[in-house]
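Asker: Next up is a structure, given as structure tokens.
Please treat every number below as a calculation from the coordinates, not as lab data. Quantities reported herein were computed from a predicted structural model and do not represent experimental measurements. Positions of Cβ are generated from backbone atoms using ideal geometry, with glycine treated the same way; all protein chains shown enter the neighbour counts.
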Amino acid sequence: MRSYLVGGAVRDRLLGLNGSDRDYVVVGATPEQMAAAGYRPVGKDFPVFLHPQTGEEYALARTERKTAPGYRGFAFHADPEVTLEADLARRDFTINAIAEDEAGTLVDPYGGARDLRARVLRHVSPAFAEDPVRILRGARFLARFAPLGFTVAPQTLELMRAMVANGEVDHLVAERVWQELVRALAEARPSACIGLLRECGALVRLLPEVDALFGVPQRAEFHPEIDAGLHTQMVCDMAARLAPGNARIGFAALTHDLGKALTPAHKLPAHINHEHAGLAPLQAVCDRYKVPTDYRELAIIACREHLNVHRFDELRPETVHDLIARCDGFRQPGRIRELAVVCEADKRGRLGCQDEPYPQAERLLAMQRVALAISAAQLDLAGLLGPQIGEALRQARIAAIREARRAG
């Protein structure tokens, strides 16, 4: 019975990074031996155990066999006779197929350390093509490691394209797509995820609303990058820069301009009313992937309101108040802060605009603070009932916003 540290912990240590969970593979053991040693079983599909002291995961070495389409169509075989090399062979990328024994010696039968040095994502074996989730994982890893110079091996990209062409990606379940997308949007360069999915043909199958943005022109005086798809990639990267690790803001950035794909050709490159046209395709994405309510609501208000925030200085006090109210910014103040970040990412996610100031964000937040400082308890509401109380509070907050702007 021998145990080896595997996967992300080994990979990230070799890259000089911290943070990956420590997972282990156990060779030469049975489930009964693991239980007798105090390990607690937790695996559903194959034997995985938690260490009795550290709580770290220890999985018995196993092989797998494709039995049906999709990522769930596998049969697993765990046995004391399964070697470490056989277990590593079933992994997705060579950089994740490196093990380390208890003495710190690397076991690297598929050249993962070499590919780490070359900054290449390369599949371990042709079995990669059996699991469509690996396309999503590759896109997520590229979003994480592209800032370090990583690229996808040409042979791996061709394999991904073949998987899409063969319909394997169509068997992905919504929950798994969403899980991987959220993780990619929380990485440092989400644009790399979008780019790889598009390059292999998966984006149009999974997110046709986003894929449709590529090739759509925008007015050059506002968007020097011209292409709406490229702009979306830039906004996602800027959102990751402004709010590291915040996938909710990342999803709103990804979907804020979906309406531009629906602009009639004779109206291009202008996109009048795209902020409202984008609500229907956004709802379609949210319904398809069962997007959580907090992600959905932030994305909706960012899609609908981002132009209003851009022209914030032109808005009347009444309009400022009602914008905050429409976004539920009095009951959920943090939502306005996140909206401001998405709008800043939109403004700065343009060619040559990455370092421009965006004073609208702070002005929006300042007016929200002014309005929040006014409560019903401060007002003379004698004789008022129901909606009249709400309107009195609204008028008092509008007056406060008006006065703050005059003083401002």
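Asker: How many residues does the range 14-28 hold that are more than 22 Å from the chain's Cα centre (by Cα) and free of Cβ contacts under 8 Å to residues at least 24 places away in the same chain?
Answerer: Residues in the range 14-28 being more than 22 Å from the chain's Cα centre (by Cα) and free of Cβ contacts under 8 Å to residues at least 24 places away in the same chain: 1 in total.
Here is a yes/no grid of residues against (1) among the polar types (S, T, N, Q); (2) out of contact with any His (no Cβ under 8 Å at 6 or more places or on another chain); (3) surrounded by 15 or more Cβ atoms within 10 Å (Cβ to Cβ):
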| residue | (1), (2), (3) |
| --- | --- |
| Ala153 | no, no, yes |
| Glu158 | no, yes, no |
| Ala162 | no, yes, no |
| Arg176 | no, yes, yes |
| Ala192 | no, yes, yes |
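Asker: A further question on this structure: Looking at (1) more than 21 Å from Lys290 (Cα to Cα); (2) in a helix (DSSP H, G or I), which is the only condition Glu180 fails?
Answerer: So the condition that Glu180 fails would be (1).
Asker: What residue, among those in the range 91-101 that are surrounded by fewer than 23 Cβ atoms within 10 Å (Cβ to Cβ) and more than 26 Å from the chain's Cα centre (by Cα), is nearest to Pro132 (Cα to Cα)?
Answerer: Glu100
Asker: Mind listing just one residue for me: the one in the range 237-294 that is crowded, with 16+ Cβ neighbours inside 10 Å and among the β-branched types (Val, Ile, Thr) and, of those, farthest from Pro190 (Cα to Cα)?
Answerer: Thr263
Asker: Also, I was wondering about something else. Considering each residue of the range 277-293, count those that are part of a helix (DSSP H, G or I) and either more than 14 Å from the chain's Cα centre (by Cα) or of a type in the set (Val, Ile, Thr) (or both), and give that number.
Answerer: Matching residues across the range 277-293 total 11.
Asker: Does any residue of the range 309-322 turn out to be surrounded by 16 or more Cβ atoms within 10 Å (Cβ to Cβ) and of a type in the set (Ser, Thr, Tyr)?
Answerer: No, every residue in the range 309-322 fails to be surrounded by 16 or more Cβ atoms within 10 Å (Cβ to Cβ) and of a type in the set (Ser, Thr, Tyr).
Residue-wise test of (1) part of a helix (DSSP H, G or I); (2) touching a Lys or Arg at 6+ places or on another chain (Cβ under 6 Å); (3) without any contact (Cβ under 8 Å) to a residue 24 or more places away in the chain; (4) among the β-branched types (Val, Ile, Thr).
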site: Pro224; (1), (2), (3), (4): no, no, no, no
site: Ala240; (1), (2), (3), (4): yes, no, no, no
site: Ala252; (1), (2), (3), (4): yes, no, no, no
site: Leu298; (1), (2), (3), (4): yes, yes, no, no
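Asker: Applying the selection to the range 157-174, what residues are assigned to a helix (DSSP H, G or I) and in contact (Cβ under 8 Å) with a residue 60 or more places away in the chain?
Answerer: Glu168, His171, Ala174 - these are the residues of the range 157-174 that are assigned to a helix (DSSP H, G or I) and in contact (Cβ under 8 Å) with a residue 60 or more places away in the chain.
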